[in-house]
Amino acid sequence: MTQTNYSALTTTPNLVVANWKMHGNFKQNAALLGDYIEKLSSLKRTQVVVCAPYPYLAQLQNKLQSSNIAWGAQNVAKNEFGAFTGEVSAAMLRDFGCTYVIIGHSERATAYCESDDNIACKFVQAQKHGLTPILCVGETLLEREAGVMELVVGKQLDAIINLHDAAVFATAVISYEPIWAIGTGLAATPEQAKSMHLFIRNKIASLNIDAAHQLKILYGGSVNPQNALQLCAVENIDGGLIGKCSLNAEEFSAICHAAEASAV
Ligand code: PEP
């Protein structure tokens, strides 16, 4: 496949997404959001998004609605509405002002047997209701060691492409999250990330050049204030999905400012 440099075509601003996972409570969230607002208000070229557990979406809406920070959820139902106990629909997320939703995070895929088909349905539900899906893709350590990481990620993308069309990526975010890097303290090297991000951009470009230009590709997996600048400077990395460090306002702010520094 032709190796094309898309860095000049990727639109700014960069995107940094906080994935709080199942952490927080009203009091802690209030303090953390207050610190986020203060430390991130000067960002001009970086959009920050906070993805919190469902019960706190109203709190996010209340606290963030007059800030430069957007918010979203960590999952969404694959169905529109109906007898699906415990599920939360895309329309419900919109009721709380969400504009983004994480889809297919490996922690859900592993612990809740999320299939590629389910993920594809969730993706379409999100877009149908005006949410930007943040689709997580990535390989296990075994798959990387076997050298099949591009096959694995390609198949994860095909699940969306085959059901819909590559055009859907024009208004979506893909987060490359090597599973071995999530929560382990062992981030991908800039070279590993560069190669996979180029593979993803080229795959979408081979099907729909406009979508490839508009698509944002984030890197997620043990991003911290020490490695953020180097990772954000990598070609085709348009920001990050941040787990652990998003729970600490100092660390998260340092990562967001590193993304800002690399946004052109
Ligand atoms: C994540 O939750 O997707 C993630 C990347 O977590 P961490 O930053 O803790 O590795």
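I'm trying to understand the selection: among the residues of segment 207-227, which are surrounded by 24 or more Cβ atoms within 10 Å (Cβ to Cβ) and free of Cβ contacts under 8 Å to residues at least 24 places away in the same chain?
none
Of the conditions (1) in contact (Cβ under 8 Å) with a residue 24 or more places away in the chain; (2) closer than 19 Å to Gly72 by Cβ; (3) assigned to a helix (DSSP H, G or I); (4) of a type outside the set (D, E, K, R), Ile204 fails just one. Which one is it?
Only one criterion is unmet by Ile204, namely (2).
Table: residues versus (1) buried (at least 16 other Cβ atoms within 10 Å of the Cβ); (2) in a loop (DSSP other than H, G, I, E, B).
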residue	(1), (2)
Glu107	yes, no
Glu114	yes, yes
Asp117	no, no
Cys121	yes, no
Val124	yes, no
Leu135	yes, no
Arg144	yes, no
Ile160	yes, no
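Six or more apart or on different chains, Cβ under 7 Å: which pairs go from a residue in segment 169-196 that's polar (S, T, N, Q) to one that's surrounded by fewer than 23 Cβ atoms within 10 Å (Cβ to Cβ)? Could you list them?
Thr171/Gln127; Thr171/Thr132; Thr184/Ser222
Can you confirm whether Glu177 is open to solvent by less than 40 Å² (accessible area, probe 1.4 Å), charged (D, E, K, R) and more than 16 Å from the ligand (Cβ to nearest atom)? Outline the logic, then answer.
Working: open to solvent by less than 40 Å² (accessible area, probe 1.4 Å): yes; charged (D, E, K, R): yes; more than 16 Å from the ligand (Cβ to nearest atom): no.
Answer is no for this residue.
Conditions first: (1) within 24 Å of Gln74 (Cβ to Cβ); (2) of a type in the set (Gly, Ala, Ser); (3) open to solvent by 30 Å² or more (accessible area, probe 1.4 Å). Ala167 passes all but one, so which condition is the exception?
(1)
From (1) within 20 Å of the chain's Cα centre (by Cα); (2) modelled with pLDDT of 95 or more, pick out the condition that doesn't hold for Cys113.
Here Cys113 clears every test but (2).
In segment 237-254, which residue that is farther than 14 Å from Cys51 by Cα and within 14 Å of the chain's Cα centre (by Cα) is surrounded by the most Cβ atoms within 10 Å (Cβ to Cβ)?
Applying the first criterion (farther than 14 Å from Cys51 by Cα) to segment 237-254 yields 237-239, 248-251, 253-254.
Then keep just the ones that are within 14 Å of the chain's Cα centre (by Cα); that gives 237-239.
Working: Ile237: 25, Asp238: 28, Gly239: 33.
Out of the qualifying residues, it is Gly239.
The values are calculated or read from the model by the stated rules, or taken from the named source; none is laboratory data. Source: prediction; values computed, not measured. Cβ atoms come from the backbone with ideal geometry, glycine included; neighbour counts cover every protein chain shown. Accessible surface areas use protein heavy atoms only, side chains included; no ligands, DNA or RNA. Shrake-Rupley method; radii C 1.70, N 1.55, O 1.52, S 1.80 Å.
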